[in-house]
Ligand SMILES: [Zn+2]
């Protein structure tokens with residue numbers, strides 16, 4: 001519970017400390033006066049770093065920035081023209097949920113997404129920074145009022161204040177599009193200590209996704225562009241293999257061999273070097289040269305599955321579970337075992 005008090009206090013403090021132009025539910029309260037027990041997530045103010053540009057107030061609760069309308073108020077971060085939006089958390093979610101999940105998806109999936117997005121933000125907020133989140137995939141996509149949709153807004157409203165908890169703290173409620181059949185452990189994806197609720201689960205619910213299985217091929221010279229002298233030193237190329245997989249089946253290492261040697265790349269570095277657009281995920285079923293790899297025009301052929309890092313909630317899986325009648329709580333319990341949904 002200490003973590004909860006810390007974060008809610010910090011949000012309130014942030015809202016007060018950021019700017020006199022920011023008007024929030026907590027304006028005028030000092031950190032000491034703030035009582036987290038009396039607050040709900042609905043009333044939290046969130047700081048979103050929108051970036052450089054001119055913002056213009058429309059009225060007391062909306063403003064324009066780069067041709068888009070946003071809820072909340074704004075201020076400028078110290079040391080330059082970066083605009084920071086201060087917006088009630090629930091109103092921020094009105095725009096995030098439809099950007100992160102199609103509003104046409106079933107209610108329980110949208111509700112699970114809303115709870116995950118709400119928890120992510122509360123878990124992520126850091127009073128030592130000038131902002132809590134950025135409006136892109138780095139955190140969550142947030143583009144203001146025009147993205148809002150009644151179905152998503154309904155899911156936010158009907159789950160207002162609900163968060164995912166583990167052992168008294170906010171869970172790390174991360175998510176990605178399609179896991180391809182097995183979610184990834186956070187430790188394998190990003191390092192750090194294993195988390196029991198982010199260890200990865202078998203997911204039979206995302207098979208309807210267009211990303212469940214995919215095929216890709218790319219010119220072998222892309223390997224040279226990606227890895228430079230490390231590939232050139234191998235001489236004429238001979239083979240490319242998955243050297244090791246983690247428990248979810250994702251490639252931990254990829255080996256590339258040539259006449260004069262071999263080179264091992266970590267899976268994540270391989271995906272980054274080749275490009276995330278070519279490799280939607282690291283769940284590689286197979287990888288091989290198509291044709292003679294020593295010849296000009298040789299290609300690398302890859303069969304794989306899933307889209308994204310695969311850790312936490314599988315969004316297409318949430319859709320599949322919702323279609324089958326599962327509730328948002330059931331969906332979240334499945335992808336984050338040992339957690340529970342509770343009020344902030
Ligand atoms: Zn899945």
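Taking a point 7 angstrom from the Cα of residue 222 along the C-beta vector, which residues in segment 240-281 have backbone N less than 14 Å away? Residues passing the 14 Å test: 270-281.
If the chain linking residue 193 and residue 255 were pulled fully straight, counting 0.36 nm for each residue of separation and taking away their Cα-Cα distance, it would gain 19.7 nm.
Can you tell me the length gained on complete extension of the stretch residue 66 to residue 54, counting 0.36 nm per residue apart and subtracting the Cα distance? Present the calculation step by step, with values, prior to reporting the outcome.
Values: separation 12, 0.36 × 12 = 4.32 nm, distance 0.72 nm.
Going from the current span to full extension adds 3.6 nm.
Expressed as an acute angle from 0 to 90° and rounded to the nearest 10, what is the orientation of the C-alpha long axis of helix 89-100 relative to the principal long axis of the chain? The angle comes out near 30 degrees. Three principal axis extents describe the C-alpha atoms of segment 214-305; from largest down they are 33, 21, 18 Å.
Histogrammed with a bin width of 20 Å, the alpha carbon distances of the chain distribute as 29, 49, 21, 1 percent, first bin at zero. With contributions of -39500 (n - 2.57) from each DSSP H run of at least four residues, the per-residue ellipticity at 222 nm computed over the chain stands at -8000 deg cm²/dmol. Taking the longest Cα principal axis of the chain as reference, the axis of helix 2-18 is set at about 70 degrees.
Label point of residue 137 set 7 angstrom out along Cα-Cβ; within segment 296-336, amide nitrogens under 11 Å from it belong to 307-309.
Since every read-out is calculated from the coordinates, none of them should be taken as a lab result. All of these numbers come straight from a predicted model, not from anything done at the bench. Note: ideal-geometry Cβ built from the backbone for every residue, glycine included; neighbour counts use all protein chains shown.
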